[in-house]
Amino acid sequence: MSTATDTLPPGFGEPDAEDLRQADLPPVMPIAIATLIAVVASGIIIAAQYGRAANLTVPRVLLGVALLLVLFNAVQIWRIKQFAWPVFYRVLGWALLAYAVIAGILVFVFVYDHTPARMLVLFVGMLVLFAIDVPLMLSYSVARWQPLDAR
Amino acid sequence: MTDTAVDTPVQADAPSAPEPGAEPPGAGGHGPPPVPNFNIVPVRGLPIVAAVLIGLVVAIASNNLWALTFFHVAGGGLWTSLDLFLGLVLGPIMGAMSVPARVEFTTRFMPKMLLIMPTLVAMTLGAGFQLARHLGNLDVAYPHHGWLVASYIIVGVMAVIALGLLEPANLAVLFELKKPKPNGERIGRLMKVFIYTAGITGLMQIATILIMTFLASR
């Protein structure tokens, strides 16, 4: 797809206040993507050992790393001074609801399948972090481009 | 997030009569092209999504082989086709469109994708995991376990790309279009991310399909 800038009508693609604010924002997206990678890698390692006595050391470490990253990201976002907070909370609320449903279905599958308790705890932990991390990404990536007074 | 339609000065739900001598909107005149009124989340599609998810839960709970196979194969086929179609067919077409046409297409197309893609992903992965478990393919003792783990890794990478890049870009475009003065350069940049990542995940899907058809034929 070619860039939109080459055919833009006048006044349709000039830098605005939101562009100028980007330099002041913390690196939320890279941290959120790193969190997602840790959660997904943890899930793959556990799933790859299905049917035998699984070694859960690496998944536990990854889950711990993911937890720290989510907390770090939450603090980073919380400390942003100039931000479209109403939009952020609106998107966050709906996204949390949607991803809670998705995570809930997956928890149902694991419980229904009588997943061993020590694995189930890890799976539920991963799904909780997943259901927080993705909505954080979605709400941040929308709010960062919105005017401060946007509702 | 649902039903967030807001009337703005540039939204053109019902075009008003142009003044004599005025240029048509977005035809090279001044200011942003008109943005049709739209809902970020198409509320009418939510019952369909709910029905699909309920069907998925029933399929898993009943461990019905046909239902699990249907959800997994139909979901995976549609997911792959849509990704490839977006990245390789629709993307280049959109790139060649005029800005007003691109804006109008985006406002009609992207809200639907916001519902369709996560539903297809949930269908494919949820039913796929349960199907593999039901058939005993998840077990380490399964002769082609290595191939299955390879497919987990591919799906994992796709999930990170889709959730970390594609979905945020999709949503950001829709909210940008809701502004009284959408930033065209930003929309173009975000749409590029959306189309390219859809194309990349589509190509990765081909690898998954190669593995899955190999496993199904053993």
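Only the coordinates and a few stated rules stand behind these numbers; no lab work does. Here the structure is a predicted model, which is why all the values come from computation and not from measurement. Because the Cβ atoms are built from the backbone with ideal geometry, glycine has one as well, and the counts that use them run over all protein chains shown.
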Item checked: Reduced Cα scattering model of the range B:162-205, Debye log10 I(q)/I(0), q = 0.15, 0.30 Å⁻¹ -> -0.36, -0.99
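Could you give the length gained on full extension between B:HIS144 and B:PHE105, defined as 0.36 nm per residue of separation minus the Cα-Cα distance, in nm? All intermediate terms of the calculation are to be shown ahead of the outcome.
Numbers: separation 39, 0.36 × 39 = 14.04 nm, distance 4.43 nm.
So the extension gain works out to 9.6 nm.
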Next item on the list: Sort out for me the Cα centre separation of the range A:81-111 from the range A:112-136, rounded to whole Å.
Entry: 15
Note to self: Let me spell out the model: positive unit charges on the Cβ of Lys and Arg, negative unit charges on the Cβ of Asp and Glu, origin at the Cα centre of the protein assembly as shown. What dipole size does that give, in debye rounded to 20?
What the structure shows: 920
Check: Per-residue HN-Hα couplings for the range B:172-182, Karplus 6.51 cos²θ - 1.76 cosθ + 1.60 at θ = phi - 60°, whole Hz, x for Gly and Pro?
Finding: 5, 4, 5, 5, 5, 5, 7, 6, x, 10, x
Margin query: Taking amide H atoms as placed 1.01 Å from N in the peptide plane, list the residues 5 or more away in sequence, or in a different chain, whose amide H sits under 5 Å from that of B:ASN137.
Written below: none
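Å³ per residue of the Cα convex hull, for the protein assembly as shown? Let's see the in-between values first.
Working: hull volume 47.5 nm³, N = 369.
Each residue corresponds to 129 Å³ of Cα convex hull volume.
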Notebook entry, point to check: For chain A, what size does the Cα cloud have along each of its three principal axes, sorted from largest down, in whole Å?
Noted result: 64, 36, 25
Check: Per residue, what volume in Å³ does the Cα convex hull of the range B:55-115 take up?
Finding: 71
Next item on the list: Order by neighbour count: A:ASP16, A:ASP133, A:ASP149, fewest other Cβ atoms within 10 Å first, most last.
Entry: A:ASP149, A:ASP16, A:ASP133
Check: How big is the Rg/Rh ratio for the range A:42-128, C-alpha atoms only, Rh by Kirkwood, two decimals?
Finding: 1.08
Margin query: Give me, ordered by chain and number, the residues 5 or more places off B:VAL41 or on other chains with an amide H under 5 Å from its own placed amide H.
Written below: B:ASP3, B:THR4
Next item on the list: For the range B:192-206, just list the computed ³J(HN,Hα) in residue order, Karplus coefficients 6.51, -1.76 and 1.60, θ = phi - 60°, integers in Hz, with x standing in for Gly and Pro.
Entry: 4, 4, 4, 5, 5, 5, 5, x, 5, 5, x, 5, 5, 4, 4
Item checked: Kirkwood-based shape ratio for the range B:28-169, expressed as Rg/Rh from alpha carbons -> 1.08
Next item on the list: Calculate, in whole percent, how much of the Cα-Cα pair population of the range B:120-218 lies beyond 23 Å.
Entry: 40
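Please give the average number of partner chain Cβ atoms lying within 10 Å of the Cβ of each residue in B:192-205, rounded to a whole number. Working shown, then result.
Numbers: counts 4, 1, 1, 1, 1, 0, 0, 1, 0, 0, 0, 0, 0, 0.
Per residue, the average neighbour count from other chains is 1.
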Checklist line | 5 angstrom amide H check on B:VAL35, placed H, neighbours 5+ away | finding: B:GLN11, B:ALA12
Notebook entry, point to check: If the viscosity is 1.567 mPa s and the temperature 4 °C, what translational diffusion coefficient in µm²/s does Stokes-Einstein give for the range B:124-177 when Rh comes from Kirkwood over Cα pairs?
Noted result: 99
Next item on the list: Over chain A, calculate the relative contact order: mean separation of alpha carbon pairs under 8 Å at least 6 apart, over the residue count, as a percent.
Entry: 35
